[in-house]
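The values are calculated or read from the model by the stated rules, or taken from the named source; none is laboratory data. Only a predicted model underlies this, so the values are computations on that prediction, with no experimental measurement involved. For neighbour counting, all protein chains shown are included, and Cβ atoms are generated from backbone atoms with ideal geometry for every residue, glycine included.
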Amino acid sequence: MSTTNNTVNLLEQSRPVFPFTAIVGQEEMKLALLLNVIDPKIGGVMIMGDRGTGKSTTVRALVDLLPTIQAVANDPFNSDPFDPESMSPEIQERLEKNEKLEIVTKKIAMVDLPLGATEDRVCGTIDIEKALTEGVKAFEPGLLAKANRGILYVDEVNLLDDHLVDVLLDSAASGWNTVEREGISISHPARFILVGSGNPEEGELRPQLLDRFGMHAQIGTVKDANLRVQIVEQRSHFDQSPFEFRKNYTESQEKLTEKITQARAILKEVNLDYNYRIKISQICSDLDVDGLRGDIVTNRASKALAAFENRREVTPEDIYRVIPLCLRHRLRKDPLETIDSGDKVKEAFRKVFGF
């Protein structure tokens, strides 16, 4: 653990990150990100908003709060030593041979996928010459390997090359990445929380990719003059003296990390009443939401919110807070219409729940 902590400290010294608890406003975006850390199976977050509204800053601030996981040492895929579904084929083979695996504790990784990334950089490459001459599957892992069991962040995701979008879709759907070159095929686990951000003025996402995101957060420029001044002053203080600024938020950051860790621990104990599940599905039906992904994500998100607030029972208020985030991007709409702000979803909620 000491080695891990030293590494984190070195990274912090070289690249100080704006503290998550120092971010003013944008509660919808912050809630969606936190709920996905508590339950990665929610399926990620798409954040759409104006330029300069702190989308990238907020996502990268999440790094400090990410909990630790156990992984096989020196494995480029962050293989889970206890879960075959998140384990590379090589590690599975070693287990079958009863080899003892060295296990390390490390922080969940956040991987940035740059816009100009090539397919080889994202998926990884196979050294054909080495494979042919030495008879081994020489594989150079890419970003998807590094993101396994972590977070894959794509800024300006709506500008991403269509081919790379398809690659992300395949991996997000199957949880595996397969690279094929000259008749040689290599697969590895690629289970990640997909977080994307973008500006709606630069184009909407393809419906296939939009549907893959569990939640959709919309953010706008803060209108309140006092809040704007507070945000500008905070950013100025951070830029002038980042380490001193971060020290002021050490306690609040630690408390939030503890809260997330506790929520992850009790998540399995949280109960969502059957009657509430019926009502959630009724809302999805009334809104003509295609498929069942909306029902599943709303169930998971409401349970994650209850766990975050240290409760074992989901309330209608929990559902009300998360359901716009889970359904607004799944509504059928006119091609010229932008994504609904959530008013339609809230209206349907009130009708079904009788609020």
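Structure above, values below:
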| item | result |
| --- | --- |
| Test: residue in region 8-20 that is at pLDDT below 85, assigned to a loop (DSSP other than H, G, I, E, B) and either in contact with an Asp or Glu (Cβ under 8 Å, 6 or more places away or on another chain) or of a type in the set (Lys, Arg) (or both) | yes |
| Residue list for region 66-103, restricted to those being buried (at least 16 other Cβ atoms within 10 Å of the Cβ), in contact with a helix residue (DSSP H, G or I) (Cβ under 7 Å, 6 or more places away or on another chain) and either of a type outside the set (A, V, I, L, M) or in the same structural domain as residue 308 (by TED's automatic domain parsing) (or both) | 75, 76, 77, 79, 80 |
| Subset of region 169-189 [more than 13 Å from the chain's Cα centre (by Cα) and among the hydrophobic types (A, V, I, L, M, F, W, C)] | 169, 173, 176, 179, 184, 186 |
| Inter-residue pairs, beta-carbon under 8 Å, first free of Cβ contacts under 8 Å to residues at least 40 places away in the same chain and in region 29-43, second not in a loop (DSSP other than H, G, I, E, B), 6+ apart | 30/20; 30/58 |
| Every residue from region 45-60 that is touching a strand residue (DSSP E or B) at 6+ places or on another chain (Cβ under 7 Å), of a type outside the set (Ser, Thr, Tyr) and surrounded by fewer than 22 Cβ atoms within 10 Å (Cβ to Cβ) | 49 |
| Selection within region 84-123 - closer than 18 Å to residue 190 by Cβ and acidic (Asp, Glu) | 85, 90, 112, 119, 120 |
| Selection within region 146-169 - surrounded by fewer than 16 Cβ atoms within 10 Å (Cβ to Cβ) and either outside the structural domain of residue 52 (by TED's automatic domain parsing) or assigned to a helix (DSSP H, G or I) (or both) | 159, 162, 163, 166 |
| Candidates 63, 122 - the one that is in contact with a Lys or Arg (Cβ under 9 Å, 6 or more places away or on another chain), assigned to a helix (DSSP H, G or I) and crowded, with 16+ Cβ neighbours inside 10 Å | 63 |
| Extreme residue, surrounded by the most Cβ atoms within 10 Å (Cβ to Cβ), among residues of region 291-325 that are of a type in the set (Lys, Arg) and not in a helix (DSSP H, G or I) | 311 |
| Filter result for residue 328 (of a type in the set (Lys, Arg), outside the structural domain of residue 32 (by TED's automatic domain parsing) and either crowded, with 21+ Cβ neighbours inside 10 Å or over 22 Å from residue 193 (Cβ atoms) (or both)) | yes |
| Residue match in region 94-113 (condition: in contact with a Ser or Thr (Cβ under 9 Å, 6 or more places away or on another chain), assigned to a loop (DSSP other than H, G, I, E, B) and under 15 Å from residue 149 (Cβ atoms)) | yes |
| Top-ranked residue of region 179-196 - restricted to ones that are out of contact with any Phe, Trp or Tyr (no Cβ under 8 Å at 6 or more places or on another chain) and within 23 Å of residue 34 (Cβ to Cβ), ranked as surrounded by the fewest Cβ atoms within 10 Å (Cβ to Cβ) | 191 |
| Total residues in region 264-290, condition out of contact with any Ser or Thr (no Cβ under 8 Å at 6 or more places or on another chain) and outside any helix (DSSP H, G or I) | 7 |
